[in-house]
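Q: Following this message is one structure expressed as structure tokens.
Here, each number is a calculation from the coordinates, and none is a lab measurement. Predicted model only: the values in this text are computed from it and were never measured. Heads up, the Cβs are rebuilt from the backbone with ideal geometry, glycines too, and the neighbour counts pull from every protein chain shown.
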Amino acid sequence: MRIKEKSVALSIQAKKKLLEFIKEHHMTQHQKLPSESRLVEMLGVSRHTVREALALLEQDHLIYKAQGRGTFIRRSPVEVEEGLENLSSITSNIKNSGYEPGTLLVTIREEVPSKEMVKVLGLKERDRVVTFVRLRTADGMPAAYCVDSVPRHLFPGKVPQKIEGESLLEFLEKTLQVKPEYAEAYISPTITEEEMVIAGMPKNQMLLQFHQVHYDSSGTPYIFSNDYLNPEIFRFKVNRTRQG
């Protein structure tokens, strides 16, 4: 369990290791964590680093301190596991892992598309897109910052003012009568930007960026997405087979 890597801030690494310890030992609400001196020994870091890591966990409302008694679990870490080969919504992923999906922020705006959107979605020069910005939660914990853009001409009448239900895919399926058949996704590491922190994501949080384009049954692209997932909550797996 000792920390070896030096490229990432030690306090962030220590926090990650503590989360792993909590999960591996199936620690539940009000269970006591090992003492600071024991954590120093377990992690192989300074007492200062351990205290910083504990402060980060306390900031995420995962632990609490009782003066003279120690540090305790406030709530178990949320972990959502999903296969990368499955095309499903963040809402269903959270539900299927036994947690309650939620949304803390919804911003819907009509805007000029980026050059990449124009190219990927096959838009014309004067076309516009409707962009949905949402902070998704799992049991109240910030889980994903989602930015999804859809061609404006697909919406009959006015731009929607709200999303009915939690799932954007289900909402778009009902509103546009279009169902996603498949998606192309590219995954890369990134870090929280200012607008994400303002929305409620932790500052300097490492994230997994899912850049996706969704296609309908005719192969027409209609959703341009950038989802920023909290890797402390989401864990993905891939089933691999040997060829030949």
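Q: For the residues Ile233, Ile12, what sequence is obtained by ranking on other C-beta atoms within 10 Å, fewest first?
A: Details: Ile233 21, Ile12 16.
With the sparsest Cβ surroundings first, the list reads Ile12, Ile233.
Q: Set the Förster distance to 35 Å, then compute FRET efficiency between Glu58 and Ala183 from the Cβ-Cβ distance, nearest 0.05.
A: Taking R0 as 35 Å, the efficiency between Glu58 and Ala183 is 0.40.
Q: Using Cα-Cα distances under 8 Å and only pairs 6 or more residues apart, what relative contact order does the chain have, in percent?
A: Numbers: 421 pairs, mean separation 40.8, N = 244.
Across the chain, relative contact order equals 17 percent.
Q: Under a 5 Å amide H to amide H cut-off, with H placed in plane at 1.01 Å, what residues pair with Leu105 once short-range neighbours are removed?
A: Amide H neighbours of Leu105: Leu135.
Q: A follow-up question, please. Please report the net charge: other residues with Cβ closer than 10 Å to the Cβ of Pro180, K and R +1, D and E -1. Kindly include the intermediate steps, with their values, before the conclusion.
A: On the way: positive: Lys179; negative: Glu173, Glu181, Asp216.
Residues close to Pro180 contribute a combined charge of -2.
Q: Testing the spin-label approximation: label points 7 Å from Cα along Cα→Cβ at Arg38 and Val112. State their distance in nm.
A: About 6.0 nm, to one decimal.
Q: Taking the Cα of Leu176, stepping 7 Å toward and past its beta carbon, and measuring to each backbone N in the range 106-128: which are under 11 Å?
A: Within reach of a label on Leu176: 121.
Q: Next question, about the same structure. Compute the length gained on full extension between Gln209 and His26: take 0.36 nm times their separation in residues and subtract their Cα-Cα distance, giving the result in nm to one decimal. Display every interim value, and only then the final one.
A: On the way: separation 183, 0.36 × 183 = 65.88 nm, distance 2.84 nm.
Gain in length upon complete extension: 63.0 nm.
Q: Another question, if that's okay. Convex hull over the alpha-carbon atoms of the chain: what's its volume per residue in Å³?
A: Hull volume normalised by residue count: 166 Å³.
Q: Still on this structure: Just to confirm the filter: which trypsin sites (Lys or Arg not before Pro) across the range 137-244 are DSSP coil and have at most 14 other Cβ within 10 angstrom of their Cβ?
A: Here the sparse-neighbourhood loop sites are Lys158, Lys162, Lys203, Arg240, Arg242.
Q: With each pseudo-label sitting 7 Å past Cα toward Cβ, what's the Lys124-Ser217 distance in nm, one decimal?
A: Calculated label separation equals 2.7 nm.
Q: Turning to a different aspect of this structure: For every other residue with a beta carbon closer than 9 angstrom to the beta carbon of Val133, add +1 if it is Lys or Arg and -1 if Asp or Glu, then tell me the sum.
A: Details: positive: Arg109, Arg134; negative: Asp148, Glu195.
Residues near Val133 contribute 0 overall.
Q: Rounded to the nearest 0.05, what FRET efficiency is calculated for Arg51 and Leu104 with R0 set to 25 Å and r the Cβ-Cβ distance? Mind showing how you got there, number by number?
A: Values: r = 29 Å, r/R0 = 1.15.
Computed FRET efficiency for Arg51 and Leu104 comes out at 0.30.
Q: Relative to 2.2 N^0.38 Å, what does the C-alpha radius of gyration of the range 10-73 come to as a ratio? Two decimals please.
A: 0.99
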